[in-house]
Amino acid sequence: MKLSFVVPCFNEEENINRFYEEVNKTFCGLVPDYEIVFVNDGSTDKTGEELKKLYACDSSRVQVLTFSRNFGKEAAMYAGISKARGELVCIIDADLQQHPSVVVEMLKEMGEDSSVDCVAAYQANRKEGKAISGVKSLFYKLINKMAEVDFVNGASDFRLMKRPMVDAIISMSEAHRFSKGIFSWVGFNTKYIPYEVNEREFGETKWSLWKLIKYAIDGVVSFSTLPLKLSMGVGLTTSAASIIYLLVVIIQKLFFGIDVPGYATIVVLVLFLGGMQLFCLGILGEYISKIFIQSKNRPIYILKEHLVEDDEKG
Ligand code: UDP
Ligand code: MG
């Protein structure tokens, strides 16, 4: 049974060879038939050259997809799984933070229970800053309350999947891709195993706190319509509160002769209501912008080059 590794690469020049060697060291002899599908996601360093060299040495095991520019990891994963030829497909990072030896464990888990369609690894201990870790935990709590599908805290895209699940994911060609949600949405029997994430030795992470927040908003908007309903709730509540406030003012004036000092109250109310309206419009805007982009039906990625043996070019 063929095993395909799908490896998104963005500026990973120092890691390409190390990754390739680690995979060979781990799988030569263990799995006779495997391929590595590298996706060069618009790297600006020497990643492209390294990949070409690798393909020249080992075209039977290596495929190289080169994007016309950086489309992001989500697009790179989609391209990789679309071109992978294995019955089993493993998505793994190029930086060796996710060690190929964990894939051996995944294979074992899959071999032991034939009903398992996917083995996903989650980080046993997060090795990242407190701020990032806190934001991530909060995000998982929030999204699990909002969305219909389950999101497992710490689970990354690092996983091994059987062909039917891979085909299901390929069939979801939405523009705003949020894989963690897509993996859950397609269903299938997924087993989670813990793994120790390694330190990145070369290059640097492509995630900043701001990028993570944007990604989180994408996730919520892609998998839940609750914010839209919440904004209606906020509107109703503030309207009800303002009517109650008006009644209180009238009663105070009519029955107790108290004049309500108006200026400050009006300023506060106008600011509050104005802010709330803009906030709710912003939520609406997030959904509309996603519809706008999706309605253009643009491809998820543009391939500049596809290095592959046989007639599989596409
Ligand atoms: N990556 C990519 N395109 C991007 C950003 C990242 O293909 O726009 C790849 C990157 O080369 C790596 C993987 O996605 O193989 C994970 O990225 P990174 O190590 O920066 O994420 P982290 O491990 O810090 O979550
Ligand atoms: Mg990494």
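When peptides 150-162, 166-178 are sorted by average Cβ neighbour count within 10 Å, with the highest value leading, the order is 150-162, 166-178. The alpha carbon centroids of the stretch 5-42 and the stretch 193-217 are separated by 19 Å.
Taking Cβ atoms as reference points and 14 Å as the exclusive limit, the residues near LEU230 contribute a net charge of +1, counting Lys and Arg as +1 and Asp and Glu as -1.
Just how large is the dipole of the stretch 61-111 about the Cα centre, in debye to the nearest 20, putting +1 at every Lys and Arg Cβ and -1 at every Asp and Glu Cβ? Don't jump to the answer; show the numbers that get you there.
Details: 6 positive and 6 negative charges, 59 e Å.
Result for the stretch 61-111 is approximately 280 debye, rounded to the nearest 20.
Both radii are taken from the alpha-carbon atoms of the stretch 200-314; with Rh as the Kirkwood radius, Rg/Rh is 1.29. Rounded to 0.05, the FRET efficiency of the SER133 and PHE255 pair, given R0 = 51 Å and the Cβ-Cβ distance, is 0.35. Taking Cα atoms only, the orientation of helix 100-112 departs from the longest principal axis of the chain by about 90 degrees. Each principal axis of the Cα cloud of the stretch 107-179 was taken in turn, and the coordinate range along them, longest first, works out to 38, 31, 19 Å. Treating r as the C-beta distance of MET1 and CYS57 and R0 as 30 Å, the FRET efficiency rounds to 0.75.
The stretch 1-95 has equivalent-ellipsoid semi-axes of 20, 15, 11 Å, by the square roots of 5 times the alpha carbon gyration tensor eigenvalues, sorted largest first. Each of ILE251, ILE213, ALA241 was placed along the dipole of the stretch 183-278 (beta-carbon charges, centred on the mean Cα), and the one lying farthest toward the positive end is ILE251.
Note on LEU236 and THR44: the extension gain reaches 64.1 nm, defined as 0.36 nm multiplied by sequence separation minus the Cα-Cα distance. Given all pairs of different Cα atoms, what value in angstroms does the Kirkwood hydrodynamic radius of the stretch 240-298 take? Here the Kirkwood hydrodynamic radius works out to 14.5 Å. Of the accessible area of the stretch 146-263, computed with a 1.4 Å probe over protein heavy atoms only, carbon and sulfur atoms account for 67 percent.
Among THR47, THR26, THR237, the largest mean-square fluctuation in a Gaussian network model of the chain (Cα springs under 10 Å) belongs to THR237. Shown here are the Rg and Dmax of the Cα trace of the stretch 163-206, at 14.4, 35 Å.
A simple charge model with +1 on the Cβ of Lys and Arg, -1 on the Cβ of Asp and Glu and nothing else charged puts the dipole of the stretch 182-305 at about 380 debye relative to its Cα centre.
Using the Cβ-Cβ distance between SER295 and GLU199 with R0 set to 51 Å, the FRET efficiency from 1/(1 + (r/R0)^6) comes to roughly 0.75. Centre-to-centre, using Cα atoms only, the stretch 114-171 and the stretch 43-104 are separated by 20 Å. The share of alpha-carbon pairs in the chain lying farther apart than 23 Å comes to 63%. Considering only beta bridges that DSSP places wholly inside the chain, some 35 percent are antiparallel. When the C-alpha to C-alpha distance is required to be over 29 Å, the pairs from LYS191/LYS290; LYS2/LYS214; LYS145/LYS290; LYS180/LYS229 that qualify are LYS191/LYS290; LYS2/LYS214. Under a model in which nothing but the beta-carbon of Lys, Arg (+1) and Asp, Glu (-1) is charged, the chain shows a dipole of about 1220 debye around its Cα centre.
The values are calculated or read from the model by the stated rules, or taken from the named source; none is laboratory data. Since we're looking at a predicted model, the values are computed, not measured. Cβ sites come from the backbone with ideal geometry, for glycine too, and all protein chains shown count toward neighbours. Side chains are part of the model used for accessible areas, which takes the heavy atoms of the whole protein and leaves out ligands, DNA and RNA. Shrake-Rupley method; radii C 1.70, N 1.55, O 1.52, S 1.80 Å.
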